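S.K.: First the structure, then my questions, so here it is.
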Amino acid sequence: MSHYIVLVKQVPDVTQITDNAFDPETGNLMRGKLASVINELDAQALAFAHHMRDLEPGEKGKIIVLSMGPPMADEVLRYCLSRGSDLAVLLTDRALGGADTWATANPLAHAIRKIVRDLLGGTNDYFIISGMQSVDGDTAQVPAQVAEELSIPCVAYATKAQLTNHHPEFTRIISGGSQTVTPRSIPAVITVAKYEFPLFATVSGARRANNTQLINWGADDVKPNAFGVNGSKTRVIRVFPPDKTSRKCIHIKDVRQFAQTLIECSKNSDGKESRSHQDKPRYVLPHKRASKLDRSFEGMQKEVEAFAELTQQLESLGISDPAGVGEQVKEKILAHSDAKTSKRALEEMLAGMQNFTPTYQGEVWVVAEHKDGKVNNATYELIGKARELADSLETKAGVALAGKNIQPLCDSLFAAGADNIYTIDHALLEEFDPAAYRKVIAETIARYWPQIVLYAATPQGRSLAPMISYRLGCGLTADCTSLDIRDSSRKGEIAVLMQTRPALGGNVMATICTKDSKSQMATARPGVMKRLPPDVSRQGQIIPQEVKLSESDLSFNIIRTEQAHGQVKFDEAEIIISGGRGLQSKENYQRLLSQLCTAVSTHLNKQVERGASRAAVEQGFVERVHQVGQTGTAVGPNIYLAMGISGAIQHMIGVASSRSIFAINNDPHAPIFKQCDYYLVGNVEDIIPQLVEFFGDNRERTPK
Ligand SMILES: Cc1cc2nc3c(=O)[nH]c(=O)nc-3n(C[C@H](O)[C@H](O)[C@H](O)COP(=O)(O)OP(=O)(O)OC[C@H]3O[C@@H](n4cnc5c(N)ncnc54)[C@H](O)[C@@H]3O)c2cc1C
């Protein structure tokens, strides 16, 4: 009889964010303006736990819900009680506030230990079920870090549970497919990526929810060893509204005009460079700058300006070395600064100007991802970024490469920009197992302590990175869209990694820095960083690593893996036409999309490839190899045409590099319309035949 501890979180209702939810002065989101709801994936996790409990024959175990948050988070616990949970624990304490994922996972894991001890009689027969991520944090780190603190397996991205010969089996999303696994030991953490069988409150449940006393614990009750702001390994530098989309978002009402715009855009295929890769001035280490006083690489514009002003004042006073600034000069500077600068700030800036020593030492590493002898594109992209960062920092770009028989992959990694490859070759690393990979990669990192470690924000990277970072006591920022080296001279930090990422479902951006860590760690979304053109003449060093691994280091047995197979030439296609769930059926997808691809390809004399959303693949419209997106392929054609696709973030990050995005959807409020260049509102079943007719009728060929 297994018990279930379900982690639930109260989050702001991000679907209700409007422009007036932002402070007009600071641009910060005013969370108080938003209603609070249960995190949707946690609600799904609760349903998943009920499903697991129902699978078991005989006596049923308990479902205990646990939430960490302010006192008002009791609402989500009552939500769960009204849907059949047996007990609810609220971990609430001011001291726990302001925590990052590291300092959230630690108290949660300690609370789980207490639940097991005090409420479950010390049993080992339990699962911790959690939503894969929350909409406010979006990091997917906490559950994996809870597993790491408790030293138990973590099955991430689960979508299905079943019992086979009394053994629980979980189907989970992996890059390019799905996999069914069974944990080798229990307890285990299961994170739920999708489980759309909602639980409904019952009248008796609602009554019980009102009458049940919640169990309230504070920090002293669970005794975490890292919590709150002080226990966090990352620090938010600033929060700001995202740039307005650079997409045009033009509504076209007429099918002919839509087709003609597509033809026009197809002619502009030169410079097919990603829009997201605009070059910024590259960081220069302080000792390499022309002037000793140059502090133009601060993390915040405000500080760049403050330092520029101070430099100007020092220069006008004939001072070229800030070390010699005495009290009299300070007074003069303060007198000229319109009371904007305090004496303390001035002294911090003067101290910062004398600091030339980078805060971190070591190489810039990428943890490589590969499958069936092929390196994941995202790894090459990250090596491109690592190369750039390493050049700025005057260090080497390294790659940690774990697997079985991995030597043949090294050439392409060198060609992509790596200097050193740390190979960890072992028979037990043939398939990706998070616990085994975490062990060997963490050991290798701890041997060399690179100053930066980058992972791809794929399902694999997003489960591995939190475990490694937690094990090594390092901060981790998830899903970065920009990584820059900058100084925070006033705080005494030189050449640190500024990690910028979207949060709250992309409604805000946050720049984050690592603190109290030996390495700065980040994951970055596929398709966001720029792969360098391969240079096959590049050479580097392979540095093999000794590892000790045994079967007991594996966290689960793989029952089966379903991976996409087949030939889809996304790289060569100038135009990709993708179909989503809106195409309604396999028959529609196959017939309508094929007709349109043929008509467009014939008319424009360009290579056209068929793509699909994950939902279309899951509906069986087309094979998985056609899937575009975070767990499919990231594409960057000249023209991307989305038919009946809503525009979920996991789909859109896979098409971000496309030059022009066209969309057709029958919902005038479809999110994709805010992320594309041209759109048409209408039913794809009506519009595709009209487009086919248009391209068929206008047969004069557009020159290539
Ligand atoms: C870990 C994880 C990884 C994921 N990876 C990916 C990924 O790689 N790629 C991916 O695509 N998704 C991925 N997803 C899933 C993603 O969140 C969305 O669920 C998915 O993209 C939705 O696909 P869709 O737009 O086709 O379906 P829906 O969201 O159901 O949208 C269908 C759209 O069709 C429109 N429509 C309906 N009928 C018609 C009609 N007759 N004519 C015109 N329009 C119509 C509707 O208005 C709607 O906007 C991932 C999810 C998770 C949790």
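S.K.: Where in segment 146-200 are there strands (runs of 3 or more DSSP E), lying wholly inside it, with at least 3 residues that are within 11 Å of the ligand (Cβ to nearest atom) and more than 25 Å from Ala103 (Cβ to Cβ)?
M.R.: Working: elements: 154-164, 167-174, 177-183, 188-192.
Correct list: 167-174.
S.K.: Identify, from the list Tyr360, Tyr422, Tyr380, the residue that is aromatic (Phe, Trp, Tyr) and in a helix (DSSP H, G or I). Spell out how you get there, then give the answer.
M.R.: Numbers: Tyr360 fails: in a helix (DSSP H, G or I); Tyr422 fails: in a helix (DSSP H, G or I).
On inspection, the qualifying residue turns out to be Tyr380.
S.K.: Working only within segment 646-677, note down all residues that are in a strand (DSSP E or B), more than 12 Å from the ligand (Cβ to nearest atom) and not hydrophobic (A, V, I, L, M, F, W, C).
M.R.: Across segment 646-677, the qualifying residue is only Ser660.
S.K.: OK, next. Would you point out which residue out of Arg610, Arg614 is within 14 Å of the ligand (Cβ to nearest atom), at pLDDT below 95 and basic (Lys, Arg)? Give the steps one after another, and end with the answer.
M.R.: Numbers: Arg610 fails: at pLDDT below 95.
After ruling out the rest, the residue left standing is Arg614.
S.K.: If only one of Gln584, Gln590 is surrounded by fewer than 23 Cβ atoms within 10 Å (Cβ to Cβ) and more than 8 Å from the ligand (Cβ to nearest atom), which one is it?
M.R.: Gln590
S.K.: Looking only at segment 622-640, which residues are open to solvent by 10 Å² or more (accessible area, probe 1.4 Å), within 12 Å of the ligand (Cβ to nearest atom) and in contact with a Ser or Thr (Cβ under 6 Å, 6 or more places away or on another chain)?
M.R.: The one that is open to solvent by 10 Å² or more (accessible area, probe 1.4 Å), within 12 Å of the ligand (Cβ to nearest atom) and in contact with a Ser or Thr (Cβ under 6 Å, 6 or more places away or on another chain): Thr631.
S.K.: Could you please give the count of residues in segment 425-450 that are outside any helix (DSSP H, G or I) and surrounded by 24 or more Cβ atoms within 10 Å (Cβ to Cβ)?
M.R.: Number of matching residues: 1.
S.K.: Report every pair of residues separated by at least 6 positions or lying on different chains whose Cβ atoms are under 7 Å apart, first residue within segment 431-443 and in contact (Cβ under 8 Å) with a residue 24 or more places away in the chain, second of a type in the set (Ser, Thr, Tyr).
M.R.: Asp433/Ser555; Pro434/Ser463; Pro434/Ser555; Ala435/Ser555
S.K.: I want to confirm something. Restricting to segment 314-329 and keeping residues that are surrounded by fewer than 18 Cβ atoms within 10 Å (Cβ to Cβ) and in a helix (DSSP H, G or I), which single residue is modelled with the lowest pLDDT?
M.R.: Gly324
S.K.: How many residues are under 24 Å from Gln162 (Cα atoms) and open to solvent by 60 Å² or more (accessible area, probe 1.4 Å) when one looks only at segment 559-571?
M.R.: 3
S.K.: What is the residue count in segment 678-697 for residues that are open to solvent by less than 40 Å² (accessible area, probe 1.4 Å), over 10 Å from Met643 (Cβ atoms) and near the ligand (Cβ under 9 Å from one of its atoms)?
M.R.: 1
S.K.: Among (1) farther than 22 Å from Arg78 by Cα; (2) under 25 Å from the mean Cα position of the chain (by Cα); (3) touching a residue at least 24 places away in the same chain (Cβ under 8 Å); (4) surrounded by fewer than 22 Cβ atoms within 10 Å (Cβ to Cβ), which single condition is Asp136 missing?
M.R.: (1)
S.K.: Please verify whether segment 525-543 includes one or more residues that are under 25 Å from Ala435 (Cβ atoms), β-branched (Val, Ile, Thr), open to solvent by 30 Å² or more (accessible area, probe 1.4 Å) and more than 16 Å from the ligand (Cβ to nearest atom).
M.R.: Yes, there is a match, as at least one residue in segment 525-543 is under 25 Å from Ala435 (Cβ atoms), β-branched (Val, Ile, Thr), open to solvent by 30 Å² or more (accessible area, probe 1.4 Å) and more than 16 Å from the ligand (Cβ to nearest atom).
S.K.: Name the single residue, out of those in segment 617-645 being assigned to a helix (DSSP H, G or I) and not hydrophobic (A, V, I, L, M, F, W, C), that is modelled with the lowest pLDDT. Before the answer, list the steps.
M.R.: Filtering segment 617-645 down to residues assigned to a helix (DSSP H, G or I) leaves 617-618, 624-626.
Filter once more, so that each one left must be not hydrophobic (A, V, I, L, M, F, W, C): 618, 624, 626.
Working: Glu618: 90, Arg624: 86, His626: 93.
The extreme case among them is Arg624.
S.K.: Does Ala206 satisfy the criteria of being surrounded by fewer than 22 Cβ atoms within 10 Å (Cβ to Cβ) and within 25 Å of Leu81 (Cα to Cα)?
M.R.: yes
S.K.: Residues in segment 52-69: is at least one touching a residue at least 24 places away in the same chain (Cβ under 8 Å), surrounded by fewer than 16 Cβ atoms within 10 Å (Cβ to Cβ) and basic (Lys, Arg)?
M.R.: yes
S.K.: Just one of the numbered conditions (1) buried (at least 20 other Cβ atoms within 10 Å of the Cβ); (2) closer than 28 Å to Leu34 by Cα is not true of Ile152; which one?
M.R.: Every condition holds for Ile152 apart from (2).
S.K.: Within segment 475-486, is there a residue that is over 23 Å from Arg295 (Cβ atoms) and either open to solvent by 10 Å² or more (accessible area, probe 1.4 Å) or in a helix (DSSP H, G or I) (or both)?
M.R.: For segment 475-486, residues over 23 Å from Arg295 (Cβ atoms) and either open to solvent by 10 Å² or more (accessible area, probe 1.4 Å) or in a helix (DSSP H, G or I) (or both): present.
The values are calculated or read from the model by the stated rules, or taken from the named source; none is laboratory data. Predicted, not measured: the structure shown is a model, and the values here were computed from it. Positions of Cβ are generated from backbone atoms using ideal geometry, with glycine treated the same way; all protein chains shown enter the neighbour counts. The area values use the complete protein model at the heavy-atom level, side chains included, leaving out ligands, DNA and RNA. Shrake-Rupley method; radii C 1.70, N 1.55, O 1.52, S 1.80 Å.
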